[in-house]
Amino acid sequence: MNGNIQHIFEALLSHLNTYENINITYLKTCVQLNTHATFLSIYTKRDRLELEFQLEREDNFFPIFMCQRISKNRVLHRVALGDLSEFDDQIKIWIDDAYCLIEKKATDN
């Protein structure tokens with residue numbers, strides 16, 4: 001992992017430390033963050049990080065490069081981050097929303 005990607009990963013983990021009850025699972029292909037279920041997957045590429053998360057809505061605009069409905073109430077999103085400046089407030093909002101979606105589902109059951 002190059003230095004730029006490492007800085008993005010560290011900033012991402014710093015943001016995620018504000019959440020409660022998250023578990024980080026380091027797999028061969030990605031890093032998964034979950035509470036009751038996975039709310040964020042981080043894939044490392046040579047020159048970027050790719051974040052994958054689910055929302056209740058379809059936000060199909062830049063910097064999202066993949067948006068796919070996977071069920072009636074879930075839309076899978078993918079975002080690529082190649083520079084620390086790309087880890088902005090909008091990315092944080094999407095991650096927060098993905099986390100809250102999983103937490104909401106867990107408290108509804």
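Using a 10 Å cut-off around each Cβ, can you sort I91, I70, I24 from fewest to most neighbouring Cβ atoms?
So the ranking, lowest neighbour count to highest, is I70, I24, I91.
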For the chain, averaging the sequence separation of alpha carbon pairs under 8 Å that lie six or more residues apart and dividing by its residue count, the contact order in percent is 25
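What's the tally of Lys pairs in the chain whose alpha-carbon atoms lie under 24 angstrom apart, where the two lysines are 8 or more places apart or on different chains?
Number of lysine pairs found: 6.
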In nm, the gap between the two label points placed 7 Å beyond Cα toward Cβ at Y19 and D88 is 2.2
Residue-ordered couplings for segment 79-90, obtained by feeding phi - 60° into the Karplus form 6.51 cos²θ - 1.76 cosθ + 1.60 and rounding to whole Hz (Gly and Pro as x), are 10, 9, 10, x, 8, 4, 5, 7, 7, 9, 4, 5
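FYI, it's all coordinate maths here, none of it is from the lab. Because the structure is a prediction, the values reported are computed rather than measured. Reconstructed Cβ throughout: ideal geometry from the backbone, glycine too, with neighbour counts over all protein chains shown.
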